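Quick notes on the structure that follows.
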Amino acid sequence: MSRPPAPERVTVTLLGVGSSGGTPALGCTCPTCTSRDPRNTRTRTSAVFGVGNVNLLIDTGPDLRQQALREQLLRLDAVLYTHPHADHIHGIDDLRAWCWLQKGALPVYGNQLTLEHIKSRFTYTLLSPNEYWDKPVLTLHEVEHESFLAGGVRVQPIPLLHGKWPVLGFRVGKVAYLTDVSEIPESSFALLEQLDVLLLDCLREREHPTHLSVEQSLAMARRIGARRTVLIHMTHELEYHALSERLPPGVEVGYDGMRLEGGF
């Protein structure tokens, strides 16, 4: 008797795990910035979720082209935006490469705040296509609380707070991605149960008004209880090996190019 097909898996590639300034930081000679370990070199935070042949990009930071070349990311089916800060959106023009390769518009998903910023700051991305090579051609889709289909894949937005800003995390299958978060509303914890992999904001040692610190991130990881938690969006204050040595079982330091997998 033949076995039933294996359930679909969710793969994640961390394109970048750095904060807004990236690491090395310009002009800095700290141990992280001068390290020769590639896990201490961090481009701006972004990731790709893969389900079968579908690729969902989370955010378009200013290092997107460099990240895509490194990972040979030749296809995109949709872009999921967490929020409109520069380090998460200012690589939007690089989306034109995929519009050209695929000869079509790219759907992008975000909350009202993010889509309003795209409309006002990047109006040219919403114009009618012109051979798909000279500009990105995007279609906007507002999401807030309800799950939606992107490239045929079910995505659950996770409402979060980034200081006073309403932002989104995203869950696909048993994998969730929460960057640039200072607070998780109580109603969102129910959306984070039974995770295989949690990608979680962890800016620096000291508390910050719009991000989780190391201790806050670890406390949040304990409460959520994912099988595996990976820390992202880190400044150069957090050196890979020094931080790794302090972490409890099940929590690890993310790095550019890291690949993970979870159930669907």
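The values are calculated or read from the model by the stated rules, or taken from the named source; none is laboratory data. These figures come from a predicted structure and were not determined experimentally. A quick note on method: Cβ atoms are made from the backbone with ideal geometry, for glycine too, and the neighbour counts reach across all protein chains shown. Areas reflect the complete protein model, heavy atoms only, side chains present, ligands, DNA and RNA absent. Shrake-Rupley method; radii C 1.70, N 1.55, O 1.52, S 1.80 Å.
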Tabulated pairs, region 132-146, first within 19 Å of Trp165 (Cα to Cα), second in a loop (DSSP other than H, G, I, E, B), C-beta under 7 angstrom, 6+ apart or interchain: Glu142/Asn111; Val143/Asn111; Glu144/Asn111
Those residues of region 1-48 which are within 25 Å of Gln156 (Cα to Cα), part of a loop (DSSP other than H, G, I, E, B), modelled with pLDDT of 95 or more and not hydrophobic (A, V, I, L, M, F, W, C), in sequence order: Ser19, Thr45
Any hit, region 149-156, residues being part of a strand (DSSP E or B) and under 15 Å from the mean Cα position of the chain (by Cα): yes
Residue that is surrounded by the most Cβ atoms within 10 Å (Cβ to Cβ) [pool: residues in region 13-47 that are farther than 30 Å from Glu261 by Cβ and more than 22 Å from the chain's Cα centre (by Cα)]: Cys33
Residue list for region 121-148, restricted to those being closer than 26 Å to Leu191 by Cβ and assigned to a loop (DSSP other than H, G, I, E, B): Val143, Glu144, His145, Glu146, Ser147
Hits in region 194-206 - residues which are in contact with a helix residue (DSSP H, G or I) (Cβ under 8 Å, 6 or more places away or on another chain) and either surrounded by fewer than 24 Cβ atoms within 10 Å (Cβ to Cβ) or of a type in the set (D, E, K, R) (or both): Leu195, Asp201, Arg204, Glu205
Residue within region 207-217 that is open to solvent by 20 Å² or more (accessible area, probe 1.4 Å) and among the small types (Gly, Ala, Ser) present: no
Among (1) in a loop (DSSP other than H, G, I, E, B); (2) modelled with pLDDT under 95 - the single one Trp100 does not satisfy: (1)
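Specify the residue that is nearest to Gln102 (Cα to Cα); the eligible residues are those in region 49-69 that are assigned to a loop (DSSP other than H, G, I, E, B), open to solvent by 40 Å² or more (accessible area, probe 1.4 Å) and not polar (S, T, N, Q).
From region 49-69, those assigned to a loop (DSSP other than H, G, I, E, B) are 52-53, 59-63; that's our starting set.
Going one step further and asking which of them are open to solvent by 40 Å² or more (accessible area, probe 1.4 Å), we end up with 52-53, 62.
Next cut, not polar (S, T, N, Q) only: 52, 62.
On the way: Gly52: 18, Pro62: 22 Å.
Among them, the one singled out is Gly52.
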Residues of region 103-120 satisfying the condition of being in a helix (DSSP H, G or I), more than 18 Å from the chain's Cα centre (by Cα) and either closer than 22 Å to Arg154 by Cα or touching a residue at least 60 places away in the same chain (Cβ under 8 Å) (or both): Gln112
Arg154 vs. criteria open to solvent by 20 Å² or more (accessible area, probe 1.4 Å), touching a residue at least 60 places away in the same chain (Cβ under 8 Å) and either acidic (Asp, Glu) or out of contact with any helix residue (DSSP H, G or I) (no Cβ under 6 Å at 6 or more places or on another chain) (or both): no
